[in-house]
Ligand code: AMP
């Protein structure tokens with residue numbers, strides 16, 4: 001007889017894409033993985049890989065509602081699908097970007113939670129509205145199961161006030177919620193825990209610096225399993241330079257661009273968000289692969305972009321080691337952190353005084369997989385841990401839905 005395989009669904013709903021994964025309820029296996037792209041734009045696509053079968057379609061997807069319909073059709077597809085009925089889905093986990101100062105951890109979604117998320121829209125005007133659309137659509141589609149929200153900001157809610165209050169008039173913090181929030185928290189939580197497991201040591205004993213180096217970059221200081229400082233602040237600009245975002249700059253520059261060059265606030269925002277970082281300096285690409293290749297071929301601006309990037313990461317490693325009074329583990333993750341031995345080498349060069357020394361052969365081999373890349377016997381462990389935000393969301397969902405006894 002057909003046995004109902006129970007699964008859980010994770011959803012990451014952005015402004016023009018929906019990504020979803022189906023996990024077994026022990027969260028050890030991904031049963032299906034799919035994406036609806038270019039929602040509301042020309043050239044929309046739906047693609048899915050389920051139980052080893054690929055399925056892709058170009059078709060109009062004018063709204064998020066239709067994107068959900070397409071995803072359901074794919075999941076239930078008799079030939080290419082993964083499940084036979086929506087009832088097989090036991091719980092749903094949602095990636096939620098901004099939990100502000102209201103959500104300290106992942107949470108079961110109720111009508112009250114949705115209201116609070118609406119209240120937080122001004123803090124994340126680009127991200128929270130599509131997250132809310134995803135939550136509404138999925139709750140309408142699967143009303144009988146628990147839905148959980150996992151926030152990008154919540155891991156960093158353990159920062160002390162000296163790390164999150166900005167040196168502005170205090171009223172801005174009290175009245176307008178102006179403070180450091182931090183992002184990529186689900187990734188930092190996953191990789192810092194996984195690093196402790198790989199080292200066979202309890203997270204409660206470790207001082208870890210996480211380098212989440214992707215198109216977006218987050219540096220995080222994690223002491224005893226809790227975030228104590230992080231590089232992204234109120235919006236998603238600050239910290240290390242990113243693919244197209246500037247990272248740390250002197251705010252005085254903004255007034256210079258406004259007054260001297262006559263740029264509008266929108267034009268300045270656009271430059272800092274979309275035309276700066278690796279792209280701005282190299283003048284060719286926001287993709288580290290392209291930049292490394294051109295630097296090897298002698299392009300000096302690409303070399304400079306690579307060096308600036310690694311230098312900024314290195315400075316945060318030093319700052320966070322100082323903030324925590326030491327460092328036991330340095331963890332690289334996300335696109336660049338997982339795949340670029342050259343960037344990792346530049347970051348670690350000269351950090352021997354912090355006990356950070358790479359094993360060059362191990363560093364070179366570690367591409368997109370878990371590895372310990374520090375010199376054996378080195379004082380500070382150096383690791384590559386591929387991030388897996390979906391797995392972390394699925395684990396939280398199982399736990400909060402009361403289903404996760406065997407999840408791991
Ligand atoms: P993410 O945002 O985590 O998907 O990371 C995306 C970035 O990772 C891309 O923009 C690339 O710059 C970088 N990346 C991916 N693969 C490599 C690689 N093999 N070498 C260097 N950088 C890479």
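Bear in mind these aren't lab numbers, they're just calculated from the coordinates by the rules spelled out. The structure displayed is predicted, hence computed values, not measured ones.
Taking each pair of distinct Cα atoms in the chain once, what is the resulting Kirkwood hydrodynamic radius in Å?
So the Kirkwood estimate lands at 22.4 Å.
When a/c reaches 1.5 or more, the comparison of a/b and b/c decides; with that in mind, is the stretch 142-210 rounded, prolate or oblate per its Cα gyration tensor?
Here the stretch 142-210 falls in the oblate category.
Cα axis of helix 389-400 to longest principal axis of the chain: angle in degrees, 0 to 90, nearest 10?
60
In a GNM of the chain with a 10 Å cut-off on Cα contacts, which of 236, 218, 208 has the highest mean-square fluctuation?
Comparing 236, 218, 208 in a Gaussian network model of the chain, the most mobile one is 236.
Just to be sure I understand: of the beta bridges DSSP finds with both ends in the chain, what percent are antiparallel, rounded to 5?
70
Which residue, 247, 355, 40, tops the fluctuation ranking in a GNM of the chain built on C-alpha contacts under 10 Å?
Its mean-square fluctuation being the largest, the pick is 40.
With a cut-off of 8 Å between alpha carbons and a minimum separation of six or more residues, what is the relative contact order of the chain in percent?
14
Binning at 10 Å from 0, report for the stretch 267-408 what percent of all alpha-carbon pair distances ends up in each bin.
11, 31, 31, 20, 6, 1
Work the Kirkwood hydrodynamic radius out for the stretch 28-162: mean of 1/r over every pair of different alpha-carbon atoms, inverted, in Å.
About 16.3 Å, per the Kirkwood formula over Cα pairs.
Take every Cα pair under 8 Å in the stretch 286-349 that's 6+ residues apart, average their separations, divide by the length, and report that relative contact order as a whole percent.
About 31 percent, as a whole number.
So what is the relative contact order for the stretch 145-191, in percent, with contacts set as C-alpha pairs under 8 Å and at least six apart?
For the stretch 145-191, the relative contact order is 51 percent.
Would the stretch 203-318 count as rounded, prolate or oblate if I go by the C-alpha gyration tensor, calling it rounded below 1.5 in a/c and otherwise prolate when a/b exceeds b/c, oblate otherwise?
oblate
Going by alpha carbons, how many degrees (0 to 90, nearest 10) lie between the helix axis of 64-75 and the longest principal axis of the chain?
Here the helix axis deviates by roughly 70 degrees.
Taking springs between alpha-carbon atoms closer than 10 angstrom, which of 251, 376, 122 fluctuates most in the Gaussian network model of the chain?
Top of the fluctuation ranking is 251.
I'd like the orientation of helix 128-141 relative to the chain: the angle between its Cα long axis and the longest Cα principal axis, in ° from 0 to 90, rounded to 10.
20
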